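A short worksheet on the structure shown next.
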Amino acid sequence: MSTLDNTSLNLPKENLEAEDFLPLLGTDYIELYVGNAKQAAHYYMTAWGFQPLAYAGLETGLKDRVSYVLQQNKIKLVLTSPLNSGGEINKHIDAHGDGVKAIALWVDDASKSYAETTKRGAESYLEPKTVKDEGGEVVLSGIHTYGETVHVFVERKNYKGVFMPGYRAWNPYYKPTDVGLKFVDHIVGNVGWNEMNKWCEFYAKVMGFAQLVSFDDKDISTEYTALMSKVMSNGNGRIKFPINEPADGRKKSQIEEYIDFYNGSGVQHMALATDNIIETVTALRERGIEFLTVPSSYYEDVLDRVGEIDEDLEPLSELGILIDRDEEGYLLQIFTKPILDRPTMFIEIIQRKGAKSFGKGNFKALFEAIEREQESRGTL
């Protein structure tokens, strides 16, 4: 495979303010540390339509952990559990519950990515190393970010194997059909009080990102709670990281609830894109996924706000899918309830019909729905 960059890939530079000195080609995988990877894999296959791809564990020579790799179109999840007591993975799960440990980024040169970010102040997580098998070689490196979350840079241009060296193909009989999820649209991080600007500056200085949009407590507030958010993006727009922090409100916000139960900063949600949100959400509901709901009154004047859309309003209303518009077009989005026992991580399903924004017009309805869930948990 030839060297890849924005020019050879013909990737437009969507965020003109971004320096884009790495550059980043896309999200390679998202790794979650979980208490039981075998059962978690069954959940993401059965409920979310992910397909089995690769496996690493005792049978491949690992003694301390096991990992199942799942894929749906361009989305890869790695589910990792410890095989022994003690150790880093156990500590992570004890502190945070199941959660995202690594956001792996596909790059053309993992050694250069490491050098560029660490010389700008990033703390090293993984010095560049090359792993090999009969499929070729993969170069990995990594840096620390907010909380215990890390970025792993993955260079795989000289690899033809199933996932990466150390893994073998996983081909069980059980393979539920997918639900139409296509790629990672964005990944949202929650950080503590007054830490949003610090981490936005980190992405700007260390990784060459630029701010795409910002929301303050006037944009994201209800009668009771508020939060602040800024969206950082790389140059080609393939990697977008909104960063949230709490803001003063009368009651405890969803960000405060998250930080309390996650014991610090971490990934709040993954936004997964689909080309047909009605079909995707219908399939997910049939498989047991629970979504936040908004009052039926939301749909009484939504078309007055967003204008004409291609979809019929009735199925959107029935499913609870939200609609918003910006200068580029409109989007459709919906959010699950927390998918873990702790009220921490959830998943957003999004379909963009030209829109580049993040649903600002839906914030009030969405956060009131979250507050209703918080109230039921006694954490508002």
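Summary of computed values
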item	result
Sole exception among (1) closer than 20 Å to residue 376 by Cα; (2) surrounded by 13 or more Cβ atoms within 10 Å (Cβ to Cβ); (3) out of contact with any Pro (no Cβ under 7 Å at 6 or more places or on another chain) for residue 295, by number	(2)
Failed condition for residue 229, given (1) at pLDDT below 95; (2) assigned to a loop (DSSP other than H, G, I, E, B); (3) small (Gly, Ala, Ser)	(2)
Test: residue in region 334-346 that is in contact with a Ser or Thr (Cβ under 8 Å, 6 or more places away or on another chain), buried (at least 20 other Cβ atoms within 10 Å of the Cβ) and over 20 Å from residue 246 (Cβ atoms)	no
In region 37-75, the residues that are in a loop (DSSP other than H, G, I, E, B), touching a residue at least 60 places away in the same chain (Cβ under 8 Å) and either surrounded by fewer than 16 Cβ atoms within 10 Å (Cβ to Cβ) or not aromatic (Phe, Trp, Tyr) (or both)	47, 49, 61, 62, 73, 74
Flag if residue 163 is buried (at least 22 other Cβ atoms within 10 Å of the Cβ) and among the aromatic types (Phe, Trp, Tyr)	yes
Residue match in region 322-332 (condition: over 16 Å from residue 360 (Cα atoms) and part of a loop (DSSP other than H, G, I, E, B))	no
Any chance residue 285 is touching a strand residue (DSSP E or B) at 6+ places or on another chain (Cβ under 9 Å), assigned to a loop (DSSP other than H, G, I, E, B) and within 29 Å of residue 34 (Cβ to Cβ)	no
Filtered residues of region 83-106 (kept if in contact (Cβ under 8 Å) with a residue 12 or more places away in the chain, part of a helix (DSSP H, G or I) and over 19 Å from residue 151 (Cα atoms))	87, 95
Residue within region 261-281 that is without any contact (Cβ under 8 Å) to a residue 24 or more places away in the chain, among the small types (Gly, Ala, Ser) and part of a loop (DSSP other than H, G, I, E, B) present	no
Residues satisfying the stated conditions in region 137-160, i.e. in a strand (DSSP E or B) and surrounded by fewer than 16 Cβ atoms within 10 Å (Cβ to Cβ)	144
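Residue-wise test of (1) of a type in the set (S, T, N, Q); (2) in contact (Cβ under 8 Å) with a residue 24 or more places away in the chain; (3) assigned by TED's automatic domain parsing to the domain that holds residue 40; (4) over 28 Å from residue 239 (Cβ atoms).
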site	(1), (2), (3), (4)
307	no, no, no, yes
316	no, yes, no, yes
322	no, yes, no, no
325	no, yes, no, no
334	no, yes, no, no
344	yes, yes, no, no
347	no, yes, no, no
351	yes, yes, no, no
357	yes, yes, no, no
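The values are calculated or read from the model by the stated rules, or taken from the named source; none is laboratory data. Source: prediction; values computed, not measured. Counting neighbours? That spans all protein chains shown, and the Cβs are built from the backbone with ideal geometry, glycine included.
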